[in-house]
Amino acid sequence: MKLWYITNMRIPTEKAHGLQIVKMCEAFTQLGIEVQLIVPFRRQSPQMQQVESVWKYYEVMSLFPIQQLPSPDFILFDKILPARFSQALYVVQSLIFALMAVVKTMRTEGIYYTRDWYVLFILALAKRWHGRRIFFEVHEIHGTARPKLLRWLLRHIDGLIVITQALHAYYEQCGMAAEKIIVAADGIDERRLTQQIPKEDARKQLGVPPDKTIICYTGHLFGWKGVYTLAEAMRDLPDEYWLYIVGGMETDRQALQHFIAEQRLPRITLTGHVPYHAVPCYLAAADVLILPNSGTANISRECTSPLKLFEYMAAQRPIVASDLPSLREVLRDGENACLIPPDDPLALAAGIQRVMCDPAMQTQLVERAYSDAQAYTWNNRAKKIVTEIERTIHAS
């Protein structure tokens, strides 16, 4: 099988979707699929300009071709144009890139795979000419403003890969046949399950105080991620608790830093973006890991399958997380995590202390989460998707 993975995203990128895409391409390759990743040539951020090798940055062992296509790059206009104009330019760029990708691959065999809405539109529009099967991986709700367009697109694709049961229910309600929908949560590189770093070594390497209780959050700093609630929880925790917030784009880090200073929130360190290979060291240095997603955003309540969740489970540290439907698909209160009401700093602080004051609970949560993590590798996810793709092809 040959698979054309077309994505209108910068590779490499600071964002989690870049890691997810590259790791899935690696996992498909390890299954014997002939994968080619097609991306646009777009301006890189200063941080990503320092990356010498995509393979080293994402710790890829099984290589696959990555082809960059020329594409208009309007990113410079984001800072000078109103948001609606920037969005219009992004749509134009997306459609041009998708059209070029279809033309580039038109005369070759294979199936199309994408997680981009505008790429999907061009693939569906051109299906009568390319005649390829189309598989769409979706991480959010699309089509609420244009339900007729969504239903038309769903009729032109051969399979839909979603990351939560709520997304399955939504797209089935929109007209996608249930048997063509694959639910596959995100995952983790199986090597992370065995790369354990002693806490003392990690703290020494990072300069983390050895005598403090370290709370750690990794990932982006968007509001719906709940990092502001986590920062506020520090008001209600004793002085021996220190918080490390690892990751985030620079503009988001600056906004959170301003909030922390304005609210006079104590004992918080923002590291800014760190490379993928550095994340396990921060997790190993921690005593407790936090997933404080907000319940106010639908993407957080129903649609997310956070990569950090599986990293946390593999790190063998207790997890305190928001009690949300999306997270309950993997986490169970009192079994592999401590679940607390979202958007409540007091409840979050209380949950952290409850876990840290109960060594027996810590052991139970850690052992069960680590055991559960074994099922969520990228290879297992790829096997599930490939099996369903082959079943769909043979059934038609």
Rounded Å value of the spacing that divides the Cα centres of the stretch 135-182 and the stretch 1-46 = 22
Enumerate the amide H contacts of Leu291 below 5 Å, restricted to partners 5 or more residues apart or on another chain; note that Pro and chain-start residues carry no placed amide H.
-> Val320, Ala321, Ser322
The stretch 356-392 versus the stretch 311-351: alpha-carbon centroid distance in Å | 15
Going out from 0 in 5 Å bins, what whole percent of all Cα-Cα distances in the stretch 317-376 drops into each bin?
-> 4, 21, 29, 25, 15, 5, 1
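If one computes P(r) from the Cα atoms of the stretch 290-350, what percent of pairs lie at distances over 16 Å?
37
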Accessible area expressed per residue, the stretch 140-228, with surrounding protein chains retained (probe 1.4 Å, Å²) | 48
Say we join alpha carbon atoms closer than 10 Å with springs in a Gaussian network model of the chain; which of Ala98, Ala124, Ala375 then has the biggest fluctuation?
-> Ala375
Note on the stretch 64-147: the mean projected area of its alpha-carbon convex hull, in nm², is 7.0
A 1.4 Å probe over the protein heavy atoms gives the stretch 144-247 a carbon and sulfur accessible-area percentage of 50
Determine ³J(HN,Hα), in whole Hz, for all residues of the stretch 189-196 in sequence, where each value follows from phi through the Karplus function 6.51 cos²θ - 1.76 cosθ + 1.60 and θ = phi - 60°; x replaces Gly and Pro.
-> 5, 4, 5, 5, 6, 10, 8, 8
From the Cα centre of the stretch 250-264 to that of the stretch 282-307, the distance in Å is 19
Mind telling me which of Glu26, Glu172, Glu200 comes out most flexible in a GNM of the chain, alpha-carbon contacts under 10 Å?
-> Glu200
Going down the table (Lys56/Lys212; Lys148/Lys384; Lys15/Lys204; Lys2/Lys23; Lys15/Lys79; Lys15/Lys308), which pairs top 23 Å between alpha carbons?
-> Lys56/Lys212; Lys148/Lys384; Lys15/Lys204
Quick one, what does Rg over Rh come out to for the chain if you take C-alpha atoms and the Kirkwood Rh?
-> 0.97
Note the full-extension length gain between Leu31 and Ile299 as 0.36 nm times their separation in residues minus their Cα-Cα distance, in nm to one decimal.
-> 93.4 nm
The chain - mean residue ellipticity at 222 nm from DSSP helices (-39,500 (n - 2.57) per run, n ≥ 4, rounded to 500) | -12500 deg cm²/dmol
Sequence-distant or interchain residues sharing an amide H contact under 5 Å with Ile111, placed H: which?
-> Lys2, Leu3, Trp4
Highest first, please rank the peptides 79-91, 58-70 by the mean number of other Cβ atoms sitting within 10 Å of their residues.
-> 58-70, 79-91
Report the residue, chosen from Ala16, Ala27, Ala314, that carries the largest GNM mean-square fluctuation when the chain is represented by alpha-carbon nodes joined by springs under 10 Å.
-> Ala16
Go ahead and collect, in residue order, the members of the stretch 218-254 whose backbone nitrogen is under 20 Å from a label point 7 Å along the Cα-Cβ direction of Glu262.
-> 221-236, 245, 248-254
Quick one: Kirkwood hydrodynamic radius for the stretch 1-123, alpha-carbon pairs, angstrom, one decimal?
-> 15.2
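The values are calculated or read from the model by the stated rules, or taken from the named source; none is laboratory data. Keep in mind the model is a prediction, meaning the values are calculated, not measured. Please note: Cβ atoms are built from the backbone with ideal geometry, for glycine as well, and neighbour counts cover all protein chains shown. Heads up: the accessible areas ignore ligands, DNA and RNA and are worked out on the full protein's heavy atoms, side chains in. Shrake-Rupley method; radii C 1.70, N 1.55, O 1.52, S 1.80 Å.
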